[in-house]
Amino acid sequence: MNDRIWLSPPHMSLNKLEIDYMLDAMAKNWVAPLGENVNGFEKDVRERIGRSQATALISGTSAIHLALKAAGVTDGQIVLCQSLTFSGSANPIRYVQATPVFIDSSLETWNMDLDYLEEALKTYDNIGAVLSVDIYGLGNDYERMEALCKKYGVPLIEDAAEALGSRYNGRPAGSFGDYSIISFNGNKILTTSGGGVLLHDNAEMDQRIRYWATQARDPAPYYEHSEIGYNYRLSNITAGIGRGQMTVLDERLAQKKFIYNYYKEHLQDLEGIRFMPEIPHHEPNYWLTCMVLESHVTPAEVIAALEKGNIESRRIWKPMHLQPVFKGCDYVGGTVAQTLFEKGVCLPSGTAMSEEDLARIVGIIRSLWS
């Protein structure tokens, strides 16, 4: 049996800086949350994205939770949320006792359809926020989205969990909206094992976010709490991994693009294959290479054939409006998100793959069209 090829495994850098930063934390006994690595990691991310505030947290999901709180979303409000996404985008809406209304995607971007977003902004009252997602590293028309949110007086949260390194009109993913988040989960382009960062430009709110993220402990000479808090701060040990990872981001971006182009070059001649969109003025990070099948070959057959060859692949995200947990929630749109789910496949995109690995994957896929 050939070695297992995973969908998107962690990739530690060859310069071993992750180990150096971790060992330094251990030598200084800063193994608990907070310390030099957390501070350094926040600085690295802040400067890369171009925002003034960054808080390192245990996950992208926790970052969305605190972004919703910071945006003032409260019990009974509505959050307009992209339907085609991972549940970690939508679950925090329930954490703050708000109600999600899901929005369909456009074929041009695979992201929130802005015509449907405008329709929802006109239709619903008491909207607490708009939650946009840069799916698979693809951006949206943020100029129009920011203008719409400003027109209707609604905060915008950019879920750039999958989009570190992507750019729209020259601006980095994670720099849009009132608040933005990036994930450093183990399957992302860079990782801290598990982690996330909340970004924004409000120095006063930064203190509130850090307060909430550290159990909302009041400044008293004993443990006193006036609000409900959360144990959300990233460990100084895992932040060291992040500091090392940030030094190789440009290399990872180049490799992700190579992987996308390899698949496209070697598969696009097959009948009924369409790859994720490439949009003018957008520079995606190609986190996962995805394709949609309008063919006699189904996604299930591709996934089964790859699995038989000891290769992991996956369906495109099942939309939130089709998830049992969100049954009964309103949905604005058509069938684009559902069609992408039903016909889409995510291909292995790990940056440590060799060309031999890619050739093996392509060979199995091409055999299904023979």
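Couple of notes before you dig in:
- Considering only TYR21, TYR152, TYR179, the Gaussian network model of the chain with Cα springs below 10 Å gives its largest mean-square fluctuation to TYR152.
- Loop sites in the range 281-315: GluC sites (Glu not before Pro), DSSP, at most 12 other Cβ within 10 Å: GLU294
- Other residues whose C-beta falls under 11 angstrom from the C-beta of ALA213 contribute a net charge of +4, scoring Lys and Arg +1 and Asp and Glu -1.
- Within a Gaussian network of the chain (alpha carbon springs, distance under 10 Å), most fluctuating of GLU224, GLU146, GLU355: GLU224
- In the elastic network of the chain, a GNM with C-alpha springs shorter than 10 Å, the most mobile of TYR142, TYR124, TYR223 is TYR223.
- When only alpha carbons of the chain are considered, Rg and Dmax amount to 20.8, 73 Å.
- Estimated inter-spin distance, ALA352 and LYS28, nm [label 7 Å along Cα→Cβ]: 2.8 nm
- CD proxy at 222 nm, helix term only [per DSSP H run n ≥ 4: -39500 (n - 2.57); per residue of the chain; nearest 500]: -11500 deg cm²/dmol
- Taking the alpha carbon gyration tensor of the range 155-291, multiplying each eigenvalue by 5 and rooting it gives semi-axes of 37, 17, 12 Å, largest first.
- Remark: the range 66-123 carries a charge dipole of roughly 380 debye about the Cα centre, counting +1 on each Lys and Arg Cβ and -1 on each Asp and Glu Cβ.
- Base-10 log of normalised Debye intensity for the range 48-155 (one unit scatterer per alpha-carbon) at q = 0.16 Å⁻¹: -0.72
- Solvent-accessible area, 1.4 Å probe, carbon plus sulfur percent, for the chain: 51 percent
- Of the residues VAL130, ASN15, PRO172, the one whose Cα sits farthest towards the positive end of the charge dipole of the chain is ASN15 (charges of +1 on Lys and Arg Cβ, -1 on Asp and Glu Cβ, taken about the Cα centre).
- FRET efficiency, ARG217 to ASP115 (Cβ-Cβ, R0 56 Å, nearest 0.05): 0.80
The values are calculated or read from the model by the stated rules, or taken from the named source; none is laboratory data. Just so we're clear, the structure is a prediction, and the values are computed from it rather than from any experiment. Positions of Cβ are generated from backbone atoms using ideal geometry, with glycine treated the same way; all protein chains shown enter the neighbour counts. Protein only, heavy atoms only, side chains kept; ligands, DNA and RNA dropped before computing areas. Shrake-Rupley method; radii C 1.70, N 1.55, O 1.52, S 1.80 Å.
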